[in-house]
Amino acid sequence: SIDSKYCIHHRVPWRHINHPRKEMDALKAQLEGVRASLDRIPILQKAEDATKVPKEFLVLGGGIIFFVLIFFGIGAGTLCGIVGFVYPAFKSFESIESKIRGDDTQWLIYWVVYAFFSIIEGVCRRIVGLFC
C-alpha cells in the first residue's frame, strides 16, 4: 500500500511537489515587476499605444531580432555605426547643451580619437587593397 503523503507517480513527498497555482502566482509577480520597470521608459508606452502590442512583447521581440542579427552577422556595419557614431553624436549634443564643462571635453576627445581611427582605417584599407 502506498502512503497517502507521497505523490503516486514520483514517490516524492507531497510537500516537495510544486503546486501550479503557486508557480503561476510567482510568474505573474515577476511579470508585474518587469512591466513596472518598462513603465519607466516613455517611448515604450508610445510604441504600445501605437501598435496595441504589450510592451513586454515589444521588448522581447526586439531582443530576439537583435540577437538573431548579431548571431548571423547581419547588419554588423549598421550596429557599429549606431554604437560608434549615432549614440556619441546624441550624447555630444546633450553635453553641449548642459552646463557641465567636463562632459564637453570628454566627447571632444572621443571625436578626435574616432577621427584618428577612421583615417587610419581608411589608409590601411587602401594599403591592403594594393596587395590583395
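The values are calculated or read from the model by the stated rules, or taken from the named source; none is laboratory data. Treat the numbers as computed from the prediction; the structure is a model and nothing was measured. Every residue, glycine among them, receives a Cβ derived from its backbone with ideal geometry; neighbour counts consider all protein chains shown. Note: accessible area is taken over every heavy atom of the protein model, side chains too, but ligands, DNA and RNA are not part of it. Shrake-Rupley method; radii C 1.70, N 1.55, O 1.52, S 1.80 Å.
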In the set Ala50, Ala115, the lone residue that is part of a helix (DSSP H, G or I), without any contact (Cβ under 8 Å) to a residue 24 or more places away in the chain and exposed (fewer than 10 other Cβ atoms within 10 Å of the Cβ) is Ala50
Test: residue in region 79-90 that is touching an Asp or Glu at 6+ places or on another chain (Cβ under 7 Å) and open to solvent by less than 100 Å² (accessible area, probe 1.4 Å)
no
Among the residues of region 6-21, are any surrounded by fewer than 11 Cβ atoms within 10 Å (Cβ to Cβ) and modelled with pLDDT of 80 or more? no
The correct count of residues that are in a loop (DSSP other than H, G, I, E, B) and open to solvent by 90 Å² or more (accessible area, probe 1.4 Å) in region 27-45 is 1
Matching residues in region 118-132 (outside any loop (DSSP other than H, G, I, E, B), open to solvent by 100 Å² or more (accessible area, probe 1.4 Å) and either touching a residue at least 24 places away in the same chain (Cβ under 8 Å) or farther than 23 Å from Gly81 by Cβ (or both)) number 2
Every listed condition ((1) free of Cβ contacts under 8 Å to residues at least 12 places away in the same chain; (2) open to solvent by less than 80 Å² (accessible area, probe 1.4 Å); (3) within 30 Å of the chain's Cα centre (by Cα); (4) under 19 Å from Gly77 (Cα atoms)) holds for Ser98 save (4)
